[in-house]
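A.B. asks: One structure is given below, represented as structure tokens, and several questions about it will come after.
FYI, it's all coordinate maths here, none of it is from the lab. Everything numeric here is computed off the predicted structure, so don't read it as measured data. Cβ atoms come from the backbone with ideal geometry, glycine included; neighbour counts cover every protein chain shown.
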């Protein structure tokens, strides 16, 4: 699901940026350019994987993995729906639920910072090191604001479990009660994922590509994948914490099966 979301997000982003710049965006590969992201992924996989001579090889190869794995792990506690019955077998639409699920997400996503720092350091080059330092400083800074914006949600819901927080929003979504917290979270989540206008770590004008300058082929693709998967995860978390989770919006929620 997360991989498909990444393919869709990249395509939509490129189409929107194209419209903003008075051009079409991808429209050649597949019907209306729909297969562009898939072909880009295959292209990255088939490219030659270059390893510069001055790198710290074990850490250099480990960094993309350290970035990507936590991005997927964080999604494990996001509830996709209530307990459903499939052929008489009752199962919650959630991989796992913890009493401290939100703290688990914060802990796991902060491990991804190590991937960025180690990528910059192991490259054995000045610009990736600067990019890695800037990126880690930014992610750690915004994580503090993000965690504090959750404190109000914990107090209202009386639990740190993601399914418990969704259940507490049955009558009224927390975005109406905690609008300042929601705005702080939305700002810090964009900063956390290094997206514009917080894309300082990748500062193309001065740093070439930031922490992943020396990476190519699948190793570079893994950093891209981690970034887009993180975008999906923080968006899913915003929905879970403030926008009622899987609960349908008001007029539809009156229908019991929605």
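A.B. asks: Under a 10 Å cutoff between Cα atoms, tell me which one of 41, 132, 120 has the largest fluctuation in the Gaussian network model of the chain.
C.D. replies: 41
A.B. asks: Mind pulling up the Rg/Rh value for the chain? Radius of gyration and Kirkwood radius, both on Cα.
C.D. replies: Across the chain, the Cα-based Rg/Rh ratio is 1.00.
A.B. asks: Could you work out the per residue convex hull volume over the alpha carbons of the range 163-232, in cubic angstrom?
C.D. replies: Convex hull volume per residue, Cα atoms: 100 Å³.
A.B. asks: How much length would be gained if the chain were fully extended between residue 133 and residue 43, taking 0.36 nm per residue of separation minus their Cα-Cα distance, in nm to one decimal?
C.D. replies: Length gained, residue 133 through residue 43: 29.4 nm.
A.B. asks: Test of understanding: what is the full-extension gain from residue 32 to residue 148, defined as 0.36 nm times their sequence separation minus their Cα-Cα distance?
C.D. replies: Contour length minus Cα-Cα distance gives 37.4 nm.
A.B. asks: So how far apart, in nm, are the two label points at residue 1 and residue 96 if each is 7 Å from Cα heading toward Cβ?
C.D. replies: A separation of 1.6 nm, rounded to one decimal place.
A.B. asks: Next up: Restricting to Cα pairs below 8 Å that are 6+ residues apart, what does the relative contact order work out to for the chain? Please round to a whole percent.
C.D. replies: The value is 26 percent.
A.B. asks: If you take the alpha carbon radius of gyration of the range 113-156 and divide it by 2.2 N^0.38 Å, what ratio comes out, to two decimals?
C.D. replies: 1.56
A.B. asks: To continue, here is another question. Relative to the longest principal Cα axis of the chain, at what angle does helix 217-242 sit, 0 to 90 degrees, rounded to 10?
C.D. replies: Roughly 20 degrees, rounded to the nearest 10.
A.B. asks: How would 134, 28 line up from fewest to most surrounding beta-carbon atoms within 10 angstrom?
C.D. replies: 28, 134
A.B. asks: Taking only DSSP H segments of four or more residues, each worth -39500 (n - 2.57), what value at 222 nm results for the chain once the sum is divided by all its residues, to the nearest 500 deg cm²/dmol?
C.D. replies: After summing the helix terms and dividing by the residues of the chain, the value is -20000 deg cm²/dmol.
A.B. asks: Next question, about the same structure. To check my understanding: the extent here is largest minus smallest coordinate of the Cα atoms along each principal axis. What are those three numbers for the range 1-46, in Å, largest first?
C.D. replies: 30, 20, 18
A.B. asks: If you line up the long axis of helix 101-122 against the longest principal axis of the chain, both from Cα atoms, how many degrees apart are they, to the nearest 10?
C.D. replies: Here the helix axis deviates by roughly 0 degrees.
A.B. asks: Another question, if that's okay. Picking from 11, 155, 133, which is most flexible by a Gaussian network model of the chain using Cα springs under 10 Å?
C.D. replies: 155
A.B. asks: Angle, helix 179-192 long axis vs. longest principal axis of the chain, Cα atoms, 0 to 90°, nearest 10?
C.D. replies: Helix 179-192 sits roughly 20 degrees off the main axis of the chain.
A.B. asks: Provide the FRET efficiency to the nearest 0.05 for the residue 179-residue 252 pair, computing r from the beta carbons and using R0 = 25 Å.
C.D. replies: Rounded to the nearest 0.05, the efficiency is 0.65.
A.B. asks: If you look at just the Cα atoms of the range 5-81, how large are its Rg and its Dmax in Å?
C.D. replies: 17.1, 49
A.B. asks: Further question on the same structure: Please build a GNM for the chain, connecting alpha carbons under 10 Å apart, and tell me which residue among 239, 68, 126 fluctuates the most.
C.D. replies: 126
A.B. asks: Stretched out fully, how many nm does the piece from residue 20 to residue 114 gain, at 0.36 nm a residue minus the Cα gap?
C.D. replies: Computed gain between residue 20 and residue 114 is 30.4 nm.
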